[in-house]
1. Amide H of T30 versus every other amide H placed in the peptide plane: which residues, excluding those fewer than 5 positions away on the same chain, fall under 5 Å?
2. GNM on the chain, C-alpha springs below 10 Å: top fluctuator among S230, S108, S264?
3. Rounding to the nearest 20 debye, state how big the charge dipole of region 198-294 is about its Cα centre with +1 on each Lys and Arg Cβ and -1 on each Asp and Glu Cβ.
4. Assuming 0.36 nm per residue, please report the length gained on full extension of the stretch E123 to E213 beyond their Cα-Cα distance.
5. Longer than 29 Å from Cα to Cα, which of K39/K141; K96/K183; K39/K242 are they? Say none if no pair is.
6. Using Cα springs under 10 Å in a Gaussian network model of the chain, which residue among K242, K141, K75 shows the largest mean-square fluctuation?
7. Could you put W211, W262 in order of accessible surface area, largest first, with the 1.4 Å probe and the full protein assembly present?
8. Roughly how many Å² of H172 are accessible to a 1.4 Å probe, to the nearest 10?
Amino acid sequence: MTSTHGATNHQVSIQMERIEMRIIDAHVHTWTRAIISQKDIDARKIAAERDGTTPLLDSPVAALKEAMKGASIEKAVILPIDSGLNQDMPLSLRKKTDWHVEEIAGESNLATFVGIDPRRGKEGIEELERAVTEKGCIGWKMYPPNGFYPDSDEFYPYYEKATELNIPIVIHQGFTSRFKHVKYAQPVYVDKVAADFPQLKIVLAHAGTPWVEEALMVSAKNPNVSVDVSGWQLFASRAPMKLYQMILDAKMSRVFPMRMIWGSDYPLFEHIMPLKKWASFFALLQIPDSLTEIGYDQVTREEIEYVMWRNAARIIFGERD
Ligand SMILES: [Zn+2]
């Protein structure tokens, strides 16, 4: 059997079977035109043209809830981004936090992080504390492509605060949009932080794509570092062997299954592979025969359960496993 056959069989089977697995989507986004900048709108138009689709200028929580329902996803974690130091934003930092907190009011299956650019200094640390202790945000989303390396000493007070608040940090890694700077998003710039703050829970978003080996290396050496697989729908859809290989590499370095977290980056990849299909693809993940025949292990259902539910419950929601 060729690998192409393996992938096709897998795709057929996921359409036929129902997913029976509890799922947390640990990486989603929501916005409307009221909270993003003109530059964000321009970048979305450029990305849409590149991908041959229409730009998504509004993606409110109602759309997320609908997609979750269709995909049998029980919980999702919204990761707001603070671009206020780079662009003219319609809302102040605080108001943006509050906007996200309000949109999930009464939604017990949704949680939100707070997005803060650590170059904001003391104001940002205060907002981090306010967002977590007063507003119920469950973590901090950091977006280095806005123009900073995460391991700068000047940000250490933030890591001390996040450790004290016992919240995880999700750090965007790898590929970014037109007007951001990708050089800041290399996993190696997280290693020093992870080593200096061993109690701090860090998640490297997108498994660092395209710096996957680097992300896995940083995670393998630092037990407090996990990777999320949001955005990997692209490979599931167009180059599944790349995804299988990433899982196997992660297994070899012991990042899989306990420190890999499932996510989608919803709604950014809906035109490539809709949430429902991505959830079933991963829930029913099978390493193709062409790889198991040459000695790679198959993945088990229990391992997938860790990635799709238990790791996020433990690392993001702070539940005891
Ligand atoms: Zn994202």
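1. Amide H neighbours of T30, under 5 Å, 5+ apart: L79.
2. Comparing S230, S108, S264 in the GNM, the peak value goes to S108.
3. For this selection, approximately 200 debye.
4. So the extension gain works out to 28.9 nm.
5. K39/K242
6. The residue with the greatest mean-square fluctuation here is K242.
7. The most accessible residue leads, giving W211, W262.
8. 10 Å²
The values are calculated or read from the model by the stated rules, or taken from the named source; none is laboratory data. Keep in mind that this is a model prediction, so the values were computed, not measured. Cβ: placed from backbone, ideal geometry, glycine included. Neighbour counts: every protein chain shown. Surface areas here come from the heavy atoms of the whole protein model, side chains and all, with no ligands, DNA or RNA. Shrake-Rupley method; radii C 1.70, N 1.55, O 1.52, S 1.80 Å.
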